[in-house]
Every structure is written in structure tokens, then in C-alpha cells.
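Notes follow once the structure below has been shown.
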Amino acid sequence: MTKKVAVLPGDGVGTEVTKGAVAVLKAIGERFDHQFEFTYGLIGGAAIDEAGTPLPESTIETCKQADAVLLGSVGGPKWDRNPSHLRPEKGLLAIRKELDLYANLRPVTFYDSLADASPLKKEYIEGVDFIIVRELTGGLYFGKPSERRTEGNEETVVDTLFYKRTEIERIIRQAFDTAVNRRKKVTSVDKANVLESSRVWREVAEEVAKDYPDVELEHMLVDSAAMQLIRNPKYFDVVVTENMFGDILSDEASMLTGSLGMLPSASLTADGPSLYEPVHGSAPDIAGQNKANPIAAILSAAMLLRHSFGLEKEAAVIEQAVESVLHAGHRTADLADGNHYLGTDKMVEAITAVIANDSAISSIMTAYS
């Protein structure tokens, strides 16, 4: 197999973790005789500094010519005082819109070896395995108008929560399609006791559910969902929600695994290249110090292989390699208890070493042979 991967390292630790993910993809290529061609583009603050815009046209073209996109992170205090159109996050929102990346999948998986890293007791998180399906191209983050105004002598501000019915339907249908291959339960999260948009969301969910008689649908208010994620996270299978709620809940869910550095994500489109990125941000406080956890980016690369290229075995090998390294006691700084931890580069080396080791992944090779 020969595939093109567009790599957008972005800002801060994004450059470090995407380097690690590319190294892991190269290791997979060598092991399974695949050819991955990597092309690079600017996004976020790095793009502002070099090209004067958070998303250059050349980056958009690079992504559209690729089979999949691997993104690092954007943002940092250097650009915090920039005008709205020159904020790094504008590049992230723009690439989602340009590629129509409407469905964001964020799996949350318990690792027994990391039980002590979570602030929750082991009995609450043991066995946790759910996925958040977040609508990614609508809602408050994209609605117009979104602006500051002056009314009389007072400054006012408005943001608009806007959805088309078709946008709601396609993300809910994505959640049901996901649930069919899992435990067949969808929890639709909204704020229907207050928001009209949420009441429409519930109506659409009920309509879509009729096409999936074997999948259970339940509705849950977002404040209750936030509580249940901590109180009883094993309760969930597939959680589907709108853009802002999904942003907040998925970051909260990251603490079940002990660190944002463990959570990958896939942003899918109906037509064209999908995008894969770690859930974490640019972490400017540790950028350039070889302290970043590359696992979320590496697991995002596994999702890339699975969802964009249909390489289930290769994705499973990456996931097994990560689990093996964690089980062996290797940790990056965010997961370590004390001063003994691996740097970003050494963690990547440990994972690629497992991929190259026949005995370490023999069970997966046998299962798919």
C-alpha cells in the first residue's frame, strides 16, 4: 500500500509528538511493507509567523491532495493578544470547515497499568471503554454573527448557536453506526430543558433511532453527563453531542486515563481526507523540553490507519505496542510518580522497538493471519 499523509505539526509540543507519530508510521511501513509519503504544512501560530495567516492556502491544498492528515496542536501565549482573525485556533476551525470534518471520534480507554495515574479510584475506572462522538463543524464555534457590539454606551457581545437539521442527523447517525459495532447503546447529550437547539437535537435523535432497532437510545442533560463521567464512567458506551459540549466533556474524560496525553481523536469527513490529532493542546510550558507525551499522537496514527486506510491489523499492532510499553512501567513526565521518566524521544523509541519485535506482537499477528 502506498498512501500520502499530510503532516501539520503546528505549535508547541505539536512538533515533537507528530515527529513521534511519523516515526511509528514509518516503523509500521517497514514491518508490513507499506509506503507512506509525508508532506508537511503550516497551521496555527507557526503559520501566522511565517505566512501571515493561521491557515495558508498551500496547507489547504496539501491536505486535499493527501489521503489523510496528521495534526499536532495549535496555540500559545505568544499569539494570545492577536486580533481574532490572527489567532492560531482560527486555523484549526478553518481546516475543519475546509475538509468538512463533521464527526470527531474521541475514544476513552482504561489502561490497567495507568490506574494509579488517574485521580479516580481504580474501582470507578477499571473497565472504562467508551467513545465520544462530537459534532465538529457547527454550533457556537461557527455560528454567525459572532462579534462584539456597542449598544448605547455599553459594549455587548453575541455568539450564535446554529445548526441545520441535516447536520444534526449526520452526526447522530455516525454515533449509531459506531454503536452497532460496540455495546449498542447511544447516550445523546444536550440541554433540552433550556435550549431550542437541544430540543430539535432530541427530535432528530428519536427519528434516527427508528433505523437502528437493536441500539438503545437515551437522552441526558449535559450537566448530568458531566457528573456521571466522574461518578460512573463505565455506564457509557457511545456518547454523541454538539460541538461545545463535546469539547468540554472529552477534556473532562481525559482525566479518567490520567492525562490528556493519552487521548487520540479522529475527525472524519464523508468525502476526502480525514484528520487525526491528539486531544491535548500545545503545552507551551514544556515545549522543546522533550517532556511531551507522544502516546495520544501515536494512537491517533493508529486511528488513521484504521479509519482512512482500512489497516486494522496495523492499527492493533500500534495499540498493543503502546500497552506493552506502559505495562513494562515506562512513563512520560505527565504520568510518572517522581523524577524517573522517559523523554518524548525515548518513549517513541520504546514503542517502535515493540513494533519491530516479532514475539511482542505475535498474538496480534496470529489473530489476523
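Using only the C-alpha atoms of segment 42-127, find the volume of their convex hull and express it per residue in Å³.
157 Å³
With +1 assigned to the C-beta of every Lys and Arg and -1 to the C-beta of every Asp and Glu, and no other charges, what is the dipole magnitude of the chain about the Cα centre in debye, to the nearest 20?
Here the chain has a charge dipole of around 160 debye.
How about residue 210: which aspartates and glutamates have a C-alpha closer than 20 Å to its C-alpha, ignoring those fewer than 8 places off in the same chain?
Partners found: 167, 169, 177, 190, 218, 237.
Under 10 °C and 1.306 mPa s, how fast does segment 108-258 diffuse according to Stokes-Einstein, given a Kirkwood radius computed over C-alpha pairs? Answer in µm²/s, whole number.
96 µm²/s
So what's the back-of-envelope 222 nm ellipticity for the chain, counting only DSSP H runs of four-plus at -39500 (n - 2.57) apiece and dividing by all residues, rounded to 500?
Computed ellipticity for the chain at 222 nm equals -12500 deg cm²/dmol.
Which pairs, out of 122/234; 90/191; 26/64; 291/313; 185/313, put more than 20 Å between their alpha-carbon atoms?
Violating the 20 Å limit, Cα to Cα: 90/191; 26/64; 291/313; 185/313.
Hey, could you get me the Stokes-Einstein D for segment 10-70, Kirkwood radius over alpha-carbon pairs, 37 °C and 0.692 mPa s, rounded to whole µm² s⁻¹?
Answer from the Stokes-Einstein relation: 258 µm²/s.
For segment 108-135 and segment 14-52, what is the centre-to-centre distance using only Cα atoms, to the nearest Å?
28 Å
How large is ³J(HN,Hα), in whole Hz, for each residue of segment 59-73 in order, when computed from phi with the Karplus curve 6.51 cos²θ - 1.76 cosθ + 1.60 and θ = phi - 60°, using x for Gly and Pro?
So the Karplus estimates, Gly and Pro as x, are 5, 4, 5, 4, 5, 5, 7, 8, 8, 6, 10, 10, 10, x, 6 Hz.
Can you tell me the dipole magnitude for segment 84-226 around its Cα centre, using point charges on the Cβ only (Lys, Arg +1; Asp, Glu -1), in Debye to the nearest 20?
Rounded to the nearest 20 debye, it is 300 debye.
Just for segment 124-275, what percent of DSSP beta bridges are antiparallel, to the closest 5?
Once the DSSP bridges in segment 124-275 are tallied, antiparallel ones form about 30 percent.
What do the square roots of 5 times the Cα gyration tensor eigenvalues come to for the chain, in whole Å, largest first, as semi-axes of the equivalent ellipsoid?
They are 31, 26, 21 Å, listed from largest to smallest.
Taking the Cβ of each residue in 79, 201 as the centre, tally the other Cβ atoms inside 10 Å and list the residues starting with the fewest.
Taking fewest neighbouring Cβ atoms as first place, the list is 79, 201.
I'd like the distance between the alpha-carbon centres of segment 288-315 and segment 188-250, rounded to an integer number of Å.
Each part's Cα centre sits 27 Å from the other's.
Among the DSSP beta bridges whose two residues both lie in the chain, what percent are antiparallel, rounded to the nearest 5?
40 percent
Computed from the coordinates by the stated procedures, all read-outs in this text should not be read as laboratory data. All values reported here derive from a predicted model rather than from experimental measurement. Methodologically, a virtual Cβ is constructed for each residue, glycine included, from the backbone with ideal geometry; neighbour enumeration extends over all protein chains shown.
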